[in-house]
Every structure is written in structure tokens, then in C-alpha cells.
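What follows is a set of notes on a single structure, which appears directly below.
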Amino acid sequence: MGRADYWKDHDANAICDRCGHKFKRSELQREWTGAYVCGPTGNDCFEERNHQDFLKAMHDRQTVENARPEQTDSFLDTNEITVDDF
């Protein structure tokens, strides 16, 4: 017989989804993940949701300030250069 093997009116036996121990259903808590886990009466498997999950993303401006269009490339024609130019 385990810790939850006794009769209690309107309370069934249940298994903790995290540690696997047997408890009465009233001793388990529903976690934010949807799992039923033991609370302060058992192994304390209950886990609060992380506060980072509730942060809202900030808008990130990814534009370049003072952007200018790309200049066209201008190449020298090698046929126009002579030895006298140097």
C-alpha cells in the first residue's frame, strides 16, 4: 500500500506526471504545461512558468541611416593610356 491507498470521499488516486509517485487527485496541481504534478505535499515537482516567457519583443529598426544609392563603376580604358602619360 502506498501513500494514497486510502479512501477519501470524491477523491481518486492519481500519478504525478513528473516523478511518477501516487497521490490523491486533490494533492496534484495543474502546471502551465498542462501536466498534473505534485505540489508542496509531495516531491514539489510544481514548476512556475519562467518570467521570460511573458516579455514582449521590442521593435528593431534595421534601416541604415543616411543611405545612398550605389555608385556606378567607372573603369579606365587601358587602350587610352600611353607611356607619355606617366
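Worth a mention:
- Packing-based ranking, highest mean first, of 11-24, 58-71 given that Cβ atoms within 10 Å are counted: 11-24, 58-71
- Taking a point 7 Å from the Cα of ALA12 along the Cα-to-Cβ direction, the residues of the stretch 28-46 with backbone N closer than 15 Å to it are 28, 36.
- Spin-label pair ARG3/ALA35, simplified geometry with 7 Å Cα→Cβ offset, distance in nm: 1.7
- Orientation-averaged projected area, Cα convex hull of the stretch 1-51 (nm²): 3.7
Every number here is computed from the coordinates shown, using simple stated rules; none is lab data. Bear in mind that the values here come from a model prediction, so they are computed numbers and not experimental data. Glycine gets a Cβ as well: all are built from the backbone with ideal geometry, and neighbour counts include every protein chain shown.
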